[in-house]
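Peer 1: Just dropping this structure here.
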Amino acid sequence: MSKKLNMSRRDFLRLTGMSSIAAGVYTIPGVGGVLAQDEREVTIFFWDGPPLIGIREKALAPFDDAYPGCKLNFTSVPGGPASGYNDKLFTSLAAGIPPDVFIIEIGLLPQFLADDLLLDLKPYVDADDYDLSQFPDLAIEAYTHEGGIYGMPDNVASIAIFYNADLFEEAGAMMPTAQWDDPEWTVDDFFSSCEKLTKRDGNRTTQYACDVTGWDKVWQTWVRIFGGQLVDDPFYPTECTLNEAGAVEGLQFYADLRWEHGFAPRPEAMAMGTTALLQTGQLAMFYSGSWAFPNFREVDFNVALGHYPAGPGGRANYVYYYPLVVPKTTEAPECAWNLLKFFNGPAMETIIREGGLQGTSFAEQEKWFVTDPLPPANKHVMLDAARHFVAPDPVLTNFGEITQIMQAQIDLLMIGEERDAKVVCDEIVRQVNPLIKEGQWRSG
Amino acid sequence: MSLAQFAKKQSGFTRLNITYQRGETVLAWAMVSPWVAGFLLLTAFPMVASLALSFFEWNILTPPEYVGLANYHKLFFTDPLPMHSLKITVIFSLASIPLNIVFGLTIAMLLNTNIRGLSVFRTIYYLPAILSGVAVAILWQWIFSSDFGLLNTALRVFGIEGPAWLGSKIWVLPAFVIMRLWSVGGGMIIYLAGLQAIPTDLYEAAEIDGANWWQRIFRITLPMLSPTIFFQLITGVIFTMQIFTETFIMTDGGPANASLFYLLYLYRQAFQNFKMGYASALAWVFFIAILLLTLVLFATAKFWVFYEAESDEDN
């Protein structure tokens, strides 16, 4: 027999009011966590857009079960740093309620470190005896400051040469090597292949050999191939060295591929994208990362990956190494660390397999990049490039601004407005050196 | 009724009236309060805050640091890019605004005649004005492609090898001017409304007096349309000087800063370099520049803008 609960209107209103207040207090940041001692919410910010959207969230979904006591709150602002992500992140930081884990561009890391905003992960690494050798050394070194470690990789993304193997075969040209330590595939071999691959019909080029792009990571790699560097010491930069002989020679060689030799299409011809040029057989090779793999799943020619050629400075490459970081103010440091471990552990396979990312740990990369039968061929080149990654961005608080200055001058070379690389490099050094002083934030 | 009784009754009416008026005032304020609150919170406060911020160095991550006039000093004396970007913006505006007025007006005049399918033509011309800026930018990026783009392919039919529109320091600004012409439909609708408001008896009288087509245009149409043209000029200046989306999507200021419009430079400082104080100074200088330009245009209006009411008063 049920008993009816009698409650006066006044009591009902009191009860409702108190419940509302309790619910309101619970939602105040931090209070809920304190009250619910057995479950800590850990918020992570990503910027995933298509085709990655939903993949990392799916890969991280089992985290709650793997770490009872931690509850994941996954937030994604699609489109990357310039499409609202940084606005949301910086607003949350200014408001004092940042996420517990978030991705940032590597260029922002020095400012975050200079402002002492990040949690040192070294104690957690030591406590768990966590194996850092599974990641590129230079990435971890870039996240390290005064003995502390302030980030874990979000993804390492190498840049390699994608090439149409059929066009190479047809032209009898040497193909880019897939072995890092191959003594062949030098700058001279690259040049010789370009000569064979470029086809002309009167004044019109019907097939281009290679791509010359203003993409900063690519021209910087050519600088390194010829023995040049952007700055004297990437970790403690004091001056720009782009006007030294190797750097100038590298840039001149790279620009001349387009303007002197006509091996590469002019920039405006690439509005449809280099991928489209390669897909339509009008271009023999271009530079890209693993994100371009899906574009070559169903092409009717053989596409493969190769390394940059070796020059006076050896073989070079660039690898993106954006970090995932934890703010110092997090109320859930243990859960944040567990999330980083889970991200780089059980979640990584799904992220690589379904998300098309290169991934972080070498072990997971090997599983996929060596065994995947789908095109392009030689995917292990990406892994090799990450293992031999040698050129981190200069650690300055204003490297983004410096890049803008450099890029405006490099544009002159890329569009043929200025044909002498030395003139461009001298101007870069003149403009950038005062900014380097401005962006220094630690002494070596 | 005694005088005292009358006075008492009157004061009661007055009191009632005042209460009613007060109630109406309160109600009116209540009705507009969302907009007032919105204006104060979302427009007035950020403006005042940005003015204050322009005297600080602030990267969002740490508390602002007072630097006095340093941001303004940098803007005018040490950083060459603000003046470079302002120069580019002004050159673009000087080319784009008159062309947009002329084209918009010409199309409006053509569509103000009695031809078959008039509403279809009006819709076609207006359509680009309602498209999203980002979509339009991507579309034009393809149109301007020199090897495969629609524009150069069309030029090739006439034996002309088109330039590298977006890859050339010389052609990138003309490319943006051409692109803006595509969306003259928005202005055309306003000119069309202005043209239809001109009394037809003026044209009839002019025709009787023997005025030819040119005389009717210059003596009737343009003077009668001058307030509309003035409106379009003012809004055109404000809109054109604020060009951002196209360059952000299509060229990112390149090549070699040739399309680094002022707002793109401001955006870079604020949201890529996180120099909020400097960006605020840039914003205020730009605001004052546009304000002064608008005031100058208003000052010139008395020489060439004719309002019907004024001419009636003169008569």
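Peer 1: From the residues B:GLY149, B:GLY68, B:TRP35, which one has its Cα farthest along the dipole of the stretch B:28-169 in the positive direction, the dipole being from +1 and -1 charges on Cβ of Lys/Arg and Asp/Glu about the Cα centre?
Peer 2: Projecting each Cα onto the dipole axis, the largest value belongs to B:GLY149.
Peer 1: Sticking with the crude label model, points 7 Å out along Cα→Cβ, report the distance from A:ALA94 to B:LEU150 in nm, one decimal please.
Peer 2: 4.0
Peer 1: Given a Förster radius of 35 Å and the C-beta distance between B:VAL32 and B:VAL90 as r, what FRET efficiency does 1/(1 + (r/R0)^6) yield to the nearest 0.05?
Peer 2: It comes out at approximately 0.40.
Peer 1: Let me confirm one metric for peptide B:244-257, namely the mean number of other chain beta-carbon atoms within 10 Å of its residues' beta-carbons.
Peer 2: What the average comes to for B:244-257 is 4.
Peer 1: Here's something else I'd like to know. So if we plug the beta-carbon distance of B:GLU204 and B:LEU293 into 1/(1 + (r/R0)^6) with R0 = 30 Å, what FRET efficiency do we get, rounded to 0.05?
Peer 2: About 0.15, to the nearest 0.05.
Peer 1: Would you tell me the mean number of C-beta atoms belonging to other protein chains that fall within 10 Å of each C-beta in B:263-272, as a whole number?
Peer 2: 2
Peer 1: Scan the stretch A:230-260 for chymotrypsin sites (Phe, Trp or Tyr not before Pro) in coil per DSSP, keeping those whose Cβ has at most 12 other Cβ atoms within 10 Å, and list them by number.
Peer 2: none
Peer 1: Related question: How do B:LEU225, B:LEU94 line up, fewest other C-beta atoms within 10 Å first?
Peer 2: By the 10 Å Cβ count, ascending, the order reads B:LEU94, B:LEU225.
Peer 1: Taking 0.36 nm per residue of separation and subtracting the Cα-Cα distance, what length does fully extending B:ILE249 through B:VAL157 add?
Peer 2: Additional length available on full extension: 30.2 nm.
Peer 1: With each pseudo-label sitting 7 Å past Cα toward Cβ, what's the A:ASP129-A:ASP64 distance in nm, one decimal?
Peer 2: Computed distance between label sites A:ASP129 and A:ASP64 equals 3.3 nm.
Peer 1: How about A:LYS199: which aspartates and glutamates have a C-alpha closer than 15 Å to its C-alpha, ignoring those fewer than 8 places off in the same chain?
Peer 2: A:ASP166, A:GLU169, A:GLU170, A:ASP211
Peer 1: In debye to the nearest 20, how big a dipole does chain B give about its Cα centre with +1 on each Lys and Arg Cβ and -1 on each Asp and Glu Cβ?
Peer 2: In total the dipole reaches around 680 debye.
Peer 1: Taking R0 as 45 Å, what's the FRET efficiency between A:THR75 and B:MET83 from their Cβ-Cβ distance, rounded to 0.05?
Peer 2: Using R0 = 45 Å, I get an efficiency of 0.65.
Peer 1: Continuing with the same structure: Are there trypsin sites (Lys or Arg not before Pro) in the stretch B:63-166 that DSSP marks as loop and that have at most 13 other Cβ atoms within 10 Å, and which are they?
Peer 2: Here the trypsin sites (Lys or Arg not before Pro) that fit, given the DSSP loop and packing criteria, are B:ARG116.
Peer 1: Same structure again: So if a site counts as exposed when it's one of the trypsin sites (Lys or Arg not before Pro), its DSSP state isn't H, G, I, E or B, and it has at most 10 other Cβ atoms within 10 Å, what's the longest stretch of chain A without one?
Peer 2: The segment A:5-296 is the longest one with no such site.
Peer 1: Pairing the Cα long axis of helix A:187-197 with the longest principal axis of chain A, what angle in degrees results, from 0 to 90 and rounded to the nearest 10?
Peer 2: 80
Peer 1: Now a separate question. Find how much the distance from B:PHE39 to B:TRP304 grows on full extension, using 0.36 nm per residue of separation minus their present alpha carbon separation; answer in nm with one decimal.
Peer 2: 92.0 nm
Peer 1: What is the gain in length, in nm to one decimal, between B:LEU118 and B:ALA70 on full extension, counting 0.36 nm per residue of separation less the C-alpha to C-alpha distance?
Peer 2: 11.5 nm
Peer 1: Just name one of A:THR330, A:VAL231, A:TYR150: the one whose Cα is farthest towards the positive end of the charge dipole of chain A (beta-carbon charges, Lys/Arg +1, Asp/Glu -1).
Peer 2: Final value for the positive-end residue is A:THR330.
Peer 1: So, one more: Label-point separation (nm) for B:ALA52 and A:ARG353, each offset 7 Å from Cα along Cα-to-Cβ?
Peer 2: Simple spin-label model gives 5.5 nm for this pair.
Peer 1: Work out the length of the dipole vector of the protein assembly as shown about its Cα centre, built from +1 on the beta-carbon of each Lys and Arg and -1 on the beta-carbon of each Asp and Glu, and round it to the nearest 20 debye.
Peer 2: 3440
Laboratory data are not the source of any read-out in this text; all were calculated from the coordinates shown. Note that the coordinates shown come from a computational prediction; the quantities given were computed from them, not determined experimentally. Virtual Cβ from ideal backbone geometry, glycine too; neighbours counted across all protein chains shown.
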